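Single-structure report; data block below.
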Amino acid sequence: METWLPGLVILLIVMMAGVPIAMAMAAIGALGLTAILGFGPAMAIVGQTTFDTGMSYTLSVVPLFVLMGNLVTRGGLSDELYAACNAWLGHKPGGLALATAVACGGFSAVCGSSLATAATMGKVALPQMRRFKYDDSLASGVIAAGGTLGILIPPSVILVLYGVTTQQDIARLFIAGVVPGILGILGYMAAVRVVCHFHPEAGPRGPKLPYGERFAALKGVIGILGLFMLVIGGIYLGVFTATEAAGIGAAGAFFIALFRRKLSVKILIDVLAETAATTTMMFMVLIGALIFSNFVNIAGLPSALSDLARSSGLPAPAILATILVVYLVLGMVLESLSMVLLTVPIFAPVMAALGYDLVWFGILVVVVTEISLITPPVGLNVFVLKTVLPDVPIGTIFRGIFPFLAADIVRLVLIAAFPAIVLFLPRAMG
Amino acid sequence: ETTLRVSNWLPPSHPIVRDILEPWGKQVEEATGGNVKVEIMSSPIGKPPAQFDLIKSGAADVGYGVHGYTPGRFKLTPIVEGPFLSDSAEALSVAYWKVHEQMLSKADEHQGVKVLTVFTHGPGAIFTTSKPVKTVADANGLKMRIGGGVVAQIAERLGMVGVQAPSPQVYEILSNGVADGILFPAESVPFFRIDEVLKYGTTVPGGLYNTSFFVVMNEGTWNGLSDKDKAAIDKVSGEAMARLAGQAWDAADAAGTKIMAEKGLEITQADDAMTAELAEKLEGINQGFLDAAKAAGIDGEAALEMLQGEIAAQSK
Amino acid sequence: MSESNNARPAETATGRAGRAFLGGLRIIAGLLILIMMAVTFVDVIGRYVFSSPLPGAFELTEVLLGLVIFAGLPLVTLREEHVTVDLVTSRVPNFIRQWLLKFAHVVTAAVLIVLAWRLGIIARDLSAYGDATVFLRLPLGPVAGIMAALCAFGAAASLVVFFRR
Ligand code: NA
Ligand code: NA
């Protein structure tokens, strides 16, 4: 019953032919389900998946953080943030891209979703980098990659789902994500420096400003910093949940924009409608991905892979390496949430049986999931950026990803080889 | 040879999967002489509230779920969701199955599927993070994470403020103080890792509330089985499976209670004064069931009486 | 020439009605997002300041999200804004690209028709069962029904684009 193999091949062909990704995945998924289960049951799953995905509380963070980003941008805060970043970092090669990597990390600390991080930072940082004549590849690459930190630096929707699936402590998982997340920022900054070393024109230096002007520019960051503090502080002090933080952050951005007199009724409607359109685009992809995931799940792809890992007779590190490679391959074509939901119940017991720490494995899963968000052909962060940057060919964005992908692979190998990188913090907390 | 695919929305380590569905699957395989195999799916094919419909439509052969997730649909299952029923999930589950089979099934609320069994979890209790609940007044105004159905009515009558959150967020809302506590059976506390954030537990004799579960099979799948296989499956389902499920919950509750004790949770049982006060506040909580039974042409009083009698018989 | 002139008034009328419809939908989708934000805000403020959270904020959010996604669908489809891999399509000769685009819209229409149909069946079933949300008892049948209708408009939009191309 290996229908998943032709299913994957046909999916790739249909997507390459220019059929919208959401529709391609939904169509092939539905056909595959019909081939296995028959028409009636397949259609029942398709309908239920569509309805359930729409009616999901946990996923409500996505539109609300997109809205927050849109409002921050319309409120003029992003312009000032980048003016400040430019003041401090702009004179370095690729300075704004460096600042973007840091800002992505900062935003990830208030957002549990990589897609929302990429969407928000795309709205905030891309116009600025374009204004400063940054290469589109570099600019979109650093945001797509930086955005992936959203699910690694706490809070994280994926870590919550992983924790519940594998019965690991979510607080420990969150703490475990901090150091790998900072490593991620440093890796992306290194990638920017390397690109700008070989292609200085990709990230032009700006003028060097005296310190007086630099500190003056910091005033422009107060609004955004306050908003971040509201969201971070609210979550960590327990005033609201990470899901609620999305609504509070959006409301905060709304009041700031209102206070600054940047919102007319027309602008507000534009911002809201734009957010709704982005929401539709993202969720249609999610619905398609979940229908397709149901198909490959029922077609037995996950268990086929797990059998392969188990029956190989290889030593534990080799099985780990194999599983990570499997994740990287799966991650090329699968949507991240469904990939985690599909594979973790299968691979986590294998890892536990081999004596590996499941908190550490959870972080590895998140890092490979991050990578999956930016690898072609299905790289959701790239698609999100594409919605912000409609005039840039998707190939250009994927080209810009490569240096960051290299940084990610280095980080993955480091974390796999030295579990202490992940585990010392949660162990220190006892 | 047939393979029954079981739709599963819980992790493999959950008692429902590990201690109910898996052993049942083995029993089915043995009872049918290997004719019928049972395969538990590793990923969910739909959200928990959709399970009944998914099984009915044949998306999987067998599935389980909570009646209270679709409250408008199952109006008789609240019979086992009220307070003071039993300290033993086994006694309550077996009694529930018998009442279901003899009386409640006449209403045909599970139309379009073969009901393999119905069961309940262990006695529901009150768990809090910062102050113990020793009287009914202590419960007043507490922000509690609760499920829907009868338990929501119970919480409301006790003056609790309901906080809604999906189960993956239970840890978060308790650890950061969005909720003051939770209504859960003992098993669920360590399962959701909230033994680390909870400090106090108050159990109620017979339980403060309970939850009704179903296990059902697609009708087409059932009709496609040979009479011999049907008989074999019936033998290990129904009462036998309700007993299996109840025993699994009792064992899981005992394990949960032990872990909580090790973690230093202060767990007390409601004293006579509090129990009496609870009984007074929760007077007539069965009215919803009685009305629904009447509408379905079932003698609700008799059903409640039979349930009590069977619980007593099982508890001996 | 005269034919197209004759056809014109009718076309403009439908065009105008269509534009008004889409414009209205755009505003409604935006308002739904605004309400989603307000629901969380009022819930949290209510919980801390008045120690009474907004009852059923959780369920409202779910219903609002479900409606937003499908309210945006006709417009996103009409504007051809669905996320697409253009690695190949941006590199082939124009006439092939036109055919590929036609194919893409047929697939989109087919998928959205199926989704609308299945959501319609879910709406029918939920209504028949009287299913409602757990706390607020919001009836789920009509919610699914609106989702189905919006999805059908999305399918119609993809057919409009198909014939426009
Ligand atoms: Na995050
Ligand atoms: Na990918």
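Listed values, structure above:
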| read-out | value |
| --- | --- |
| Filter pass, residue B:68 being touching a residue at least 40 places away in the same chain (Cβ under 8 Å), surrounded by 19 or more Cβ atoms within 10 Å (Cβ to Cβ) and in a helix (DSSP H, G or I) | yes |
| Strands (runs of 3 or more DSSP E) enclosed by segment B:168-252 - at least 3 residues per element that are among the aliphatic types (A, V, I, L, M) and in contact (Cβ under 8 Å) with a residue 24 or more places away in the chain | B:212-218 |
| Verdict on residue A:352 being modelled with pLDDT of 80 or more, within 14 Å of chain B (Cβ to nearest Cβ) and surrounded by fewer than 20 Cβ atoms within 10 Å (Cβ to Cβ) | yes |
| Answer from B:188, B:226, B:167 - the residue that is of a type outside the set (D, E, K, R) and farther than 26 Å from residue A:239 by Cα | B:226 |
| Residue in segment B:23-45 that is within 30 Å of residue B:260 (Cβ to Cβ), in contact (Cβ under 8 Å) with a residue 12 or more places away in the chain and of a type in the set (Val, Ile, Thr) present | yes |
| Selected residue [small (Gly, Ala, Ser), at pLDDT below 85 and either within 16 Å of ligand 1 (Cβ to nearest atom) or assigned to a helix (DSSP H, G or I) (or both)] from A:150, A:146 | A:150 |
| Selected residue (only one of A:406, A:353 is among the aliphatic types (A, V, I, L, M) and away from ligand 2 (no atom under 16 Å from the Cβ)) | A:353 |
| Residue within segment A:370-380 that is among the polar types (S, T, N, Q), surrounded by 24 or more Cβ atoms within 10 Å (Cβ to Cβ) and away from ligand 1 (no atom under 16 Å from the Cβ) present | yes |
| From A:424, A:383, A:361, A:347, residue being within 14 Å of chain C (Cβ to nearest Cβ) and either part of a helix (DSSP H, G or I) or acidic (Asp, Glu) (or both) | A:383 |
| Tally, over segment A:127-143, of residues that are among the hydroxyl-bearing types (Ser, Thr, Tyr) and within 16 Å of ligand 2 (Cβ to nearest atom) | 1 |
| Evaluation of residue A:117 against (1) surrounded by 22 or more Cβ atoms within 10 Å (Cβ to Cβ); (2) away from every other protein chain (no Cβ under 14 Å); (3) within 10 Å of ligand 1 (Cβ to nearest atom); (4) in contact (Cβ under 8 Å) with a residue 60 or more places away in the chain (one fails), failing number | (4) |
| Options C:143, C:107, C:111, C:134; residue that is outside any helix (DSSP H, G or I) and of a type outside the set (S, T, N, Q) | C:134 |
| Single unsatisfied condition, residue A:123 versus (1) more than 16 Å from ligand 1 (Cβ to nearest atom); (2) within 14 Å of chain B (Cβ to nearest Cβ) | (2) |
| Where residue A:243 falls short, out of the listed (1) over 30 Å from residue C:49 (Cα atoms); (2) of a type in the set (S, T, N, Q); (3) modelled with pLDDT under 75; (4) buried (at least 20 other Cβ atoms within 10 Å of the Cβ) | (1) |
| Inter-residue pairs, beta-carbon under 8 Å, first more than 17 Å from residue A:322 (Cα to Cα) and in contact (Cβ under 8 Å) with a residue 60 or more places away in the chain and in segment A:400-416, second acidic (Asp, Glu) and part of a helix (DSSP H, G or I), 6+ apart | A:400/A:136; A:408/A:370 |
| Residue among A:180, A:207 that alone is crowded, with 18+ Cβ neighbours inside 10 Å and at negative phi | A:180 |
| Of all residues making up segment B:292-308, the number that are exposed (fewer than 13 other Cβ atoms within 10 Å of the Cβ) and closer than 14 Å to residue B:77 by Cβ | 0 |
| Residue that is farthest from residue B:171 (Cα to Cα), among those in segment A:144-169 that are among the β-branched types (Val, Ile, Thr) and within 16 Å of ligand 2 (Cβ to nearest atom) | A:148 |
| Selection status of residue A:268, surrounded by fewer than 14 Cβ atoms within 10 Å (Cβ to Cβ) and within 14 Å of chain C (Cβ to nearest Cβ) | no |
| Hits in segment A:1-47 (condition: over 24 Å from residue A:383 (Cα atoms) and facing chain C (nearest Cβ under 7 Å)) | A:43, A:47 |
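A quick yes/no check of all residues on (1) buried (at least 21 other Cβ atoms within 10 Å of the Cβ); (2) among the β-branched types (Val, Ile, Thr); (3) more than 8 Å from every other protein chain (Cβ to nearest Cβ); (4) touching a Leu at 6+ places or on another chain (Cβ under 8 Å):
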position	(1), (2), (3), (4)
C:86	no, no, no, no
C:90	no, no, no, no
C:100	no, no, no, no
C:109	yes, no, yes, yes
C:113	no, yes, yes, no
C:121	no, yes, no, no
C:130	no, no, no, no
C:147	yes, no, no, yes
C:155	yes, no, yes, yes
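Yes or no, residue by residue, for (1) modelled with pLDDT of 80 or more; (2) over 13 Å from the mean Cα position of the chain (by Cα); (3) within 14 Å of another protein chain (Cβ to nearest Cβ); (4) within 16 Å of ligand 1 (Cβ to nearest atom):
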residue: A:85; (1), (2), (3), (4): no, yes, no, no
residue: A:94; (1), (2), (3), (4): yes, yes, no, no
residue: A:134; (1), (2), (3), (4): yes, yes, no, no
residue: A:154; (1), (2), (3), (4): no, no, yes, yes
residue: A:157; (1), (2), (3), (4): no, no, yes, yes
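The values are calculated or read from the model by the stated rules, or taken from the named source; none is laboratory data. This one's a predicted model, so the numbers in the text were calculated from it and none came from an experiment. Note that we place each Cβ from the backbone using ideal geometry, even for glycine, and neighbour counts take in every protein chain shown.
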